[in-house]
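The values are calculated or read from the model by the stated rules, or taken from the named source; none is laboratory data. Note that the structure is predicted; figures quoted are calculated from it, not measured. Methodologically, a virtual Cβ is constructed for each residue, glycine included, from the backbone with ideal geometry; neighbour enumeration extends over all protein chains shown.
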Amino acid sequence: MHEFKFIDNELCCERVRVSDIAKNVDTPFYLYSHKTLIDHYMKLKAAFRSIKPLICFSVKSNSNLAVLRALVKKDAGLDIVSGGELYRASLAGANPKRIVYAGVGKKQGEIRDAIKFGIHFFNVESEEEIRAIQGIARELNKKVNVAIRINPDVIPKTHSHIATGKGDTKFGLDFETAHKIFNSRWQYPNLDIKGLHIHIGSQILDARPFQEAIGKVLSFLKQNHIEAEYLNIGGGLGIVYAMEHPQTADHFAKNILPILKKTRLKIILEPGRFISGPSGILVTRVIYTKRTPRRNFLIVDSGMNDLLRPSLYAAYHKIVPVKSAEYDSSDLERVDVVGPICETGDFLAKDRLLSQAKSGDLLAVMGAGAYGFTMSSNYNSRPRGAEVMVIGARFHIVRRREAYKDLVRGETIPKALR
């Protein structure tokens, strides 16, 4: 559930009308519900309370400092994948010992910064990477915790672009290579190789792929007599975008906990979308309506530069009018909701049955709190919109709208062209 609800035909975020925010914050903008964000984190924490896991929110899903700070204040850890996300984690006041660092392409400077910051774990994804971490740890005279990311070759039912546990993806190590690393721990005197990590994908709707992946990893440990202290089972829990029936936190825990309890390992989880997805919407305004012999269009002021998921994944997001009313079937029309970007692939929804809208009407794109703003861009030299968070009865601008001068920050014209 989430805290975006209609009260007297007005969409509200917690106790604030979305239309009132739009009067103060120009569209498009992302809007986050603090209560929804925290509620979803607490659901996972409660569901797994019997094993007291370290829950590290996936920063890549939503990296706004206010979002990170809200979760850190509730004792959440963070899952990061870049030096920039490490920087954000430090500004959000995250405890270094509650940060895990994944990603296949960590640069040496990023590794060095993370070691100096004192993060809890590196999730290692290649042999060259583990050698690089060892070298830098030796230079800094530090002992560094490492988990080996396993690619379990499990294929979950999700979009191919976000299935990360298949054997042909760039992520993780095969079991044979992982075994070789464990057998040669002596080559890495500055590393404490004490855990395994898996992350099989995103928007996964049932527990079976997780059970299969965990089972493979545990069999690997047992068959090879490998001692480990930690098991990081990653994230990937799905949410409702259309008519999906994703597992709840309790249902997921019910299916996974019996396996995890037998291991006696310390458990780490890396949820992202499950926490941030339902917590945010994208608010956009209709600029024009356009009717052609073949299609009807609502042209809005946000596009693929603001929310890439529909264009990239053909992802479905429910779209609702911010000001609603009771309509009969004659008030509905089938439309494409498209943006201002000069690409045919620039759309938020296709062939969608919506109440008739006119220029100036506000629309809300639901379930946009994950992989929304974090994947946005300045394509077509469009400034990115603001980010806003509602806490109770007040809204706060947590990232100001970009201005044109922000588009050219850092750019220069060489003297030879003046």
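Observations on the structure shown:
- Of the residues making up region 363-398, those that are hydroxyl-bearing (Ser, Thr, Tyr) and within 14 Å of Gly280 (Cα to Cα) are Tyr371, Thr374.
- In region 396-418, residue surrounded by the fewest Cβ atoms within 10 Å (Cβ to Cβ) [restricted to those that are in a helix (DSSP H, G or I) and touching a residue at least 12 places away in the same chain (Cβ under 8 Å)]: Tyr404
- Within region 36-52, considering residues that are among the hydrophobic types (A, V, I, L, M, F, W, C) and assigned to a helix (DSSP H, G or I), the one surrounded by the most Cβ atoms within 10 Å (Cβ to Cβ): Leu37
- Qualifying residue in region 189-199 (condition: under 21 Å from His2 (Cα atoms) and outside any helix (DSSP H, G or I)): no
- Within region 370-383, tally of residues that are within 18 Å of the chain's Cα centre (by Cα) and part of a loop (DSSP other than H, G, I, E, B): 5
- Looking across region 248-294 at every residue that is modelled with pLDDT under 95, of a type in the set (S, T, N, Q) and not in a loop (DSSP other than H, G, I, E, B), the one that is nearest to Ser219 (Cα to Cα) is identified as Thr263.
- Some residue of region 276-288 being within 19 Å of the chain's Cα centre (by Cα) and surrounded by fewer than 19 Cβ atoms within 10 Å (Cβ to Cβ): no
- Any chance Ala393 is out of contact with any helix residue (DSSP H, G or I) (no Cβ under 8 Å at 6 or more places or on another chain) and touching a residue at least 12 places away in the same chain (Cβ under 8 Å): yes
- The residue list Ala403, Ala349 contains one member that is hydrophobic (A, V, I, L, M, F, W, C) and either farther than 22 Å from Ile239 by Cα or outside the structural domain of Tyr316 (by TED's automatic domain parsing) (or both), which is Ala403.
- Within region 110-157, considering residues that are part of a loop (DSSP other than H, G, I, E, B) and surrounded by fewer than 20 Cβ atoms within 10 Å (Cβ to Cβ), the one modelled with the lowest pLDDT: Lys157
- Scan of region 53-64 for residues that are of a type in the set (A, V, I, L, M) and either surrounded by fewer than 23 Cβ atoms within 10 Å (Cβ to Cβ) or under 23 Å from Lys5 (Cα atoms) (or both), ordered by number: Leu54
- Taken over region 53-97, the criterion of being part of a loop (DSSP other than H, G, I, E, B), over 14 Å from the mean Cα position of the chain (by Cα) and not acidic (Asp, Glu) is satisfied by Pro53, Lys73, Lys74, Ala76, Ala92, Gly93, Ala94, Asn95.
- All positions within region 48-64 that are in contact with a Leu (Cβ under 9 Å, 6 or more places away or on another chain) and of a type in the set (Gly, Ala, Ser): Ser50, Ser58
- Restricted to region 209-237, and to residues there that are in contact (Cβ under 8 Å) with a residue 24 or more places away in the chain, surrounded by fewer than 16 Cβ atoms within 10 Å (Cβ to Cβ) and outside any loop (DSSP other than H, G, I, E, B), the residue that is nearest to the chain's Cα centre (by Cα) is Gln211.
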